[in-house]
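The values are calculated or read from the model by the stated rules, or taken from the named source; none is laboratory data. Just so we're clear, the structure is a prediction, and the values are computed from it rather than from any experiment. Here the Cβ positions follow ideal geometry from the backbone for every residue, glycine too, while neighbour counts run over all protein chains shown. Side chains are part of the model used for accessible areas, which takes the heavy atoms of the whole protein and leaves out ligands, DNA and RNA. Shrake-Rupley method; radii C 1.70, N 1.55, O 1.52, S 1.80 Å.
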Amino acid sequence: MDHATVPLRAETLQVLRLISEFEPLLLLRGDDDGYGSRWTLSGQQVQPAIAQFLMEFGFVADSGKTEFGAIKLALTEKGSEFRENGIRWWSELSLVQKLKITLLG
């Protein structure tokens, strides 16, 4: 997979950095309110394109439910490797490249 297939690369990397054993990505299923499924991390909404990408490529997997019924998504081994590769990739970029990626995706 090349970097072009990763949605919102800087934001995706930030999500990967924040996911931990004690802070999983949460999937809140629901069509009852007309909004459909939502993903949150540390109380903040995660862009659907990012969450779906992480799920589709096996970077996160179901690790149980919260007491309120939200599905906890934890990093898989593949996800941890992807995060480490992303951190390494980010550290090799120049300031201008980081700004361009942050602003333009």
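What to note about this one:
- Anchor Lys100: lysines whose Cα lies under 29 Å away (excluding residues fewer than 8 positions away in-chain): Lys78
- Neighbourhood charge, 14 Å Cβ-Cβ cut-off, centred on Phe68 and excluding it, Lys, Arg +1 and Asp, Glu -1: +3
- Here the accessible area is traced with a 1.4 Å probe on the protein chains. For the chain, carbon and sulfur cover 53 percent of it.
- Between Gly69, Leu54, Asn85, the Cα set farthest toward the positive side of the dipole of segment 11-105 (charges on each charged residue's Cβ, about the Cα centre) is that of Asn85.
- Here the dipole of the chain is about 340 debye; that uses its Cα centre as origin and unit charges on the Cβ of Lys and Arg (positive) and Asp and Glu (negative).
- The residues of segment 3-105 expose, per residue, 65 Å² of accessible area to a 1.4 Å probe.
- Taking Leu13, Leu73, Leu95 as the candidate residues, the one with maximal mean-square fluctuation in a Gaussian network model of the chain, Cα springs under 10 Å, is Leu95.
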